[in-house]
1. Considering (1) among the charged types (D, E, K, R); (2) open to solvent by 10 Å² or more (accessible area, probe 1.4 Å); (3) more than 20 Å from residue 344 (Cα to Cα); (4) out of contact with any Pro (no Cβ under 9 Å at 6 or more places or on another chain), say which one residue 295 fails and leave the rest.
2. Could you list, in sequence order, all residues of the stretch 287-302 that are without any contact (Cβ under 8 Å) to a residue 12 or more places away in the chain and not small (Gly, Ala, Ser)?
3. Between a first residue in the stretch 432-444 that is farther than 16 Å from residue 409 by Cβ and a second residue that is open to solvent by less than 60 Å² (accessible area, probe 1.4 Å) and of a type in the set (S, T, N, Q), which pairs have beta carbons less than 6 Å apart while being 6 or more apart in sequence or on different chains?
4. Check the stretch 199-210 and report whether any residue there is modelled with pLDDT of 90 or more, closer than 30 Å to residue 152 by Cα and open to solvent by less than 30 Å² (accessible area, probe 1.4 Å).
5. Residue 273 passes all but one of (1) in a loop (DSSP other than H, G, I, E, B); (2) modelled with pLDDT of 95 or more; (3) closer than 28 Å to residue 366 by Cα; (4) of a type outside the set (Lys, Arg); which number fails?
6. Do we find that residue 108 is aliphatic (A, V, I, L, M) and within 30 Å of residue 292 (Cβ to Cβ) in this structure?
7. Quick test for you: out of 433, 417, pick the one residue that is more than 29 Å from residue 169 (Cβ to Cβ), in a strand (DSSP E or B) and either more than 16 Å from the chain's Cα centre (by Cα) or of a type outside the set (Asp, Glu) (or both).
8. Looking only at the stretch 217-244, which residues are under 16 Å from residue 327 (Cβ atoms), open to solvent by less than 10 Å² (accessible area, probe 1.4 Å) and out of contact with any Pro (no Cβ under 7 Å at 6 or more places or on another chain)?
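The values are calculated or read from the model by the stated rules, or taken from the named source; none is laboratory data. The model shown is predicted, which means the values in this text are computed figures rather than measured ones. Quick reminder, even Gly has a Cβ in these numbers, built from the backbone with ideal geometry, and neighbours come from all protein chains shown. These accessible areas exclude ligands, DNA and RNA; they are computed on the full protein's heavy atoms, side chains included. Shrake-Rupley method; radii C 1.70, N 1.55, O 1.52, S 1.80 Å.
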Amino acid sequence: MSARPLMLPRQYQWWGLIPVVAGLYALSLVAGVFTGVLAGIPGLLWLLTGLSMLLLPGDPRVTAYMALASLLALLLSLPMVFISGFGDGVLLALFAMASFVVAGRLSLMLTLTSDVVPQPDEDLRMQVKVGFDEAIMGYFLIAAKVPGGERAKRMCDEALELGRVLDERGWITNPASMHLAPLAPDQINVQSGKRYGFDFERVSFDSGFVVDPGLPGAAKWETHHPNRRATAWMFRHPGPPRPWLMCVHGYRMGEPWIDFGLFPPALLHRRFGLNVLMPVLPLHGPRRIGKRSGDHYLDGDLLDLLFAQSQALWDLRRWLAWLRANESQPQIGVYGVSLGGYNTGLLSNYDDQLAFGLASIPVIDFAETLWRVIPPPHRRYFEARGLSEARYRELLSPVSPLSLPTQLAPDRRFVVAATADRIVPAAQPAMLARHWGVDALWYQG
């Protein structure tokens, strides 16, 4: 397996002319409020991202915003047919498709591979797939809240104090000493639910997780009242015991309508005959504290991620304790996707009874993931005040899947990854595979 040669650097990326022309055309259609919304918004984004691609190539946010604008314009081209005319609507759709492919193509061209990552396909089909990844990343970036002003100063000050406390207590060199093993909950609430023709149970209990009061930001974390209730969607068969599959969702998921799409009950529960438990991660779904599921997990105060991941580990271990307390020697495997893959890797360090662990497209290095898209002025400010990417990675080491050896048996560790993933770069699943001592299973996507 050989690495693909790096794309030669260019002063100007001429592909940017396509979204520039698309943006100018879309803006020419603006003739009122409705056309301003339908054509003006994507037109402005095309113009800005096209010029940025042309004059300032290399910023990963450019292709993300461009793909998002293209997907938005494609959806809005249909009402434009009735407002501005058939020809204008069709031409807007064609520009949207062309700019979408440009975003995917350039992103794919900038994808770095190595000897452990297969070379991704570079055909039109892959460029479209990458375009969808970029559009999702664009949504994540627009929805994110990056701390600024006094909040940024306070966060940097607290990061210095957090590092001092972690060092003092030895939690960076010995992360296991930070995470106590939870007991099984003794009071459970179970409600019946039905979605898409599937009967399931909504199970919940008090999380019981408490942040060490000596950590900066602990008092604020305790004010997140909706987050205190651990919740899961459960499918179980009546009759004799069956194997359990714990499914851990990705970022901004945690609601039945999307979790059941990622972990289809028709396949896992009905066809494979498994009992299925889908825990909701902290700050997601019914546990959210913002307008959107997942707010403040990977955005806002960067230090909150340490608390969120500590609670995620606590809650997942508590779900396992509950199953084992109520089942006779249950076989339990864990399957996590993206953020869920991270938690699968982390959980495997603290549980030696899992039947297997399957981490699919797992994010592994949050410091690299966030620093890649944080605005440059914020990065420079954080680094000037002592919060560099390397220091942030060190602060997160107590909740890193790479900080301890996995407890999974060698033949029970599985990593699945995509060669051209733009949300979770291929190098990150490769890191977990190397840590687990296995070969990742790669697919072209």
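1. Here residue 295 clears every test but (2).
2. Matches in the stretch 287-302: 291 only.
3. From residues that are farther than 16 Å from residue 409 by Cβ, the pairs are 442/419; 444/419.
4. There is at least one residue in the stretch 199-210 that is modelled with pLDDT of 90 or more, closer than 30 Å to residue 152 by Cα and open to solvent by less than 30 Å² (accessible area, probe 1.4 Å).
5. With (1) in a loop (DSSP other than H, G, I, E, B); (2) modelled with pLDDT of 95 or more; (3) closer than 28 Å to residue 366 by Cα; (4) of a type outside the set (Lys, Arg) applied to residue 273, the lone miss is (3).
6. When the stated conditions are applied, residue 108 passes them.
7. Matching residue, one of 433, 417: 417.
8. Of all residues in the stretch 217-244, those under 16 Å from residue 327 (Cβ atoms) come to 232, 234-244.
Okay, now just the ones that are also open to solvent by less than 10 Å² (accessible area, probe 1.4 Å), so 232, 234-235, 244.
The answer is 234, and nothing else.
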